[in-house]
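Report on the structure given below.
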Amino acid sequence: MENIDYSSHLFSEAGPEKDVIISSRIRLARNIEDISFPNKAKDSERKEIVEMTKQVIADQEKYQFNLLDLYEISDIDREILLEKHLISRDHAKRRVGKALFLNNKQDISIMVNEEDHFRIQVLSPGMDLDKLWKKANEIDDLLEENLDFAFSEKWGYLTACPTNVGTGLRASIMCHLPALNLTNRIDKVMGAISQLGLAVRGMYGEGSNPAGNIYQISNQITLGHSEEDIIDNLKSVNQQIVEQERKARQIMLNNEIDNLKDAIKRSFGVLKYAYTISSKEALQLLSDVKLGIDLGIINDLSADLISELLILIRPAHLKISEGRDLTNKELNIKRAEMIQEKI
Amino acid sequence: MICDKCGEKEANVHLTKIVNGEKNEIYLCENCASQSNEFSFGTDHNFTFQNLLAGILSPAINNESSQNNLLNNKVVCNKCNSSYQEFSQKGLFGCAECYDIFENKLESLMKRIHGNTEHSGKVPQRRGGRLKLKRKINDLRDQMQEAIAMENFEKAAILRDQIHEIDSEMEGEVNGEH
Ligand SMILES: [Zn+2]
Ligand SMILES: [Zn+2]
């Protein structure tokens, strides 16, 4: 059993389209042919899958993974993995035979016995879906060399949920769209996106006005199109969103420059000097400041730091940093401290 | 776990909703859950999931004759013991064999979720050889038809020979395996 590295390396790198796209991700769902899916598999079968995976990974040299037994680790560590988006909420529920294989850089992971036996995930800052697909494909091949995956000629890769069957591919992009939101264009853009077989949702909070203006866009259809087509579709829609967001930013700069500067600098001020701050308020203010950085209104701060803070201000990360459990009130104080330490 | 809506309180209501075939998991605190009328609520996961999937699954059931329906709902997967009813409640198949057992229901279900009923993506490297050859043959057949339409019979003959070659290769493989 390995320990979790609590720091976040991922966002210290620059990625393409970074003014709008925070990160991109590819996930592949796979199952072993002869073993029931995790919802029906016995404890012993799920444990066996973890052992088989361990063996496959030990037999190759290209990728180094640490094994985290999600039944054995502490509640707070499970929360940390969840806040880092390394495991799903479903996977964070304690159950025998759940595991996570994670590389040191924390950009490649394999969830074992989530809804499917395997969920291969690769992520990167900025917009980088082609590279991610190449990597996920390679790890899929690596597992398949020694494991017999459930596959049918008609339905493709068989998954527990029919919404994942076929390619088992979910490609997604996390984007920051403050100007589309401020100029009231977001609903129109989102409506258009959902017509194109893509799903949009707020990253933090539900509805069309999620905290921090952060949205996740992903493909819904996994059957009947090739992986490349699915990714190209998401990429082209994404290119349009990036252009729309940049256009909206330009309109704000042209028409509201003084108000915009004032609002952004005030938000920066609150982040710098608040004594206590809720996560919702922090997300909103961080969104303002990120916009300020991307527009050149705030110059002495890096946008990567803001992306990193999105994770560091979440409850489990604050508790780990403080070294003990915190009440809601204490969390809000600690959050303000954490932000001021970084900016 | 923290509430998705207010981002403040502990979430203790878990919702799964299907929108256009995309499964969304939502976690809310009791307070936000009671204030929201966007969804139907219940702390029982299966109960809510059943309601939400019902919209997708029930038309498929209604389309068939009731006798057929009764028969089908009694069929149980002999590997994992799932019935179609259990599948429609959980929204999850129990094992790979379920796809064979419930085959006659899947065509309309997949059409509704994906708008497609035929995989055209990646094929397993090691074991997908047969399907790769099949796809190659289909591709060559298309090219042959094109050649015939263009009255390029010389090219069509070459393509036909290639198809035969792959055909016999596939047959050899099947005989070799069994
Ligand atoms: Zn709440
Ligand atoms: Zn089954």
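The residue that is modelled with the lowest pLDDT, among those in segment A:189-214 that are out of contact with any Asp or Glu (no Cβ under 6 Å at 6 or more places or on another chain), under 27 Å from B:ALA11 (Cα atoms) and surrounded by fewer than 18 Cβ atoms within 10 Å (Cβ to Cβ), is A:GLY207. Scan segment B:117-149 for residues that are among the charged types (D, E, K, R) and outside any helix (DSSP H, G or I) and the total you get is 4.
Going through segment A:84-94 one residue at a time, which ones are within 14 Å of another protein chain (Cβ to nearest Cβ) and under 17 Å from A:ASP116 (Cα atoms)? Across segment A:84-94, the qualifying residues are A:ILE87, A:SER88, A:ARG89, A:ASP90, A:HIS91, A:ALA92, A:LYS93, A:ARG94. Residues that are facing chain A (nearest Cβ under 7 Å), under 24 Å from A:LEU198 (Cβ atoms) and not hydroxyl-bearing (Ser, Thr, Tyr) within segment B:96-120 comprise B:LEU109, B:MET110, B:ILE113, B:HIS114, B:GLY115, B:ASN116, B:GLU118, B:HIS119, listed in sequence order.
Looking for something crowded, with 20+ Cβ neighbours inside 10 Å, touching a Ser or Thr at 6+ places or on another chain (Cβ under 7 Å), outside the structural domain of A:LEU291 (by TED's automatic domain parsing) and more than 19 Å from A:ASN31 (Cβ to Cβ) - is there at least one such residue anywhere in segment A:146-157? Scanning segment A:146-157 turns up no residue that is crowded, with 20+ Cβ neighbours inside 10 Å, touching a Ser or Thr at 6+ places or on another chain (Cβ under 7 Å), outside the structural domain of A:LEU291 (by TED's automatic domain parsing) and more than 19 Å from A:ASN31 (Cβ to Cβ). Every condition in (1) assigned to a helix (DSSP H, G or I); (2) in contact (Cβ under 8 Å) with a residue 60 or more places away in the chain; (3) away from chain B (no Cβ under 13 Å) holds for A:GLN284 except the one numbered (3).
One residue stands out among those in segment B:79-100 that are small (Gly, Ala, Ser) and under 16 Å from A:ARG30 (Cα atoms): the one that is farthest from ligand 1 (Cβ to nearest atom), which is B:ALA96. The residues in segment A:304-339 that are part of a loop (DSSP other than H, G, I, E, B) and basic (Lys, Arg) can be counted, and the count is 2. Among residues of segment B:76-95 being aromatic (Phe, Trp, Tyr) and under 22 Å from A:ARG46 (Cβ atoms), the one that is farthest from the other protein chains (Cβ to nearest Cβ) is B:PHE87. Among the residues making up segment A:218-235, a single one is farther than 13 Å from B:HIS119 by Cβ and facing chain B (nearest Cβ under 7 Å): A:GLN220. Applying a threshold of 7 Å to beta carbon distances and a minimum spacing of six or more residues, or different chains, the list of pairs starting in segment A:295-315 at a residue that is away from chain B (no Cβ under 14 Å) and ending at one that is at pLDDT below 90 and assigned to a helix (DSSP H, G or I) reads A:ASP304/A:PHE11; A:ASP304/A:SER12; A:SER307/A:PHE11; A:GLU308/A:PHE11.
The values are calculated or read from the model by the stated rules, or taken from the named source; none is laboratory data. The structure displayed is predicted, hence computed values, not measured ones. Neighbour counts are summed over all protein chains in view; Cβ atoms, including those assigned to glycine, are modelled from backbone coordinates with ideal geometry.
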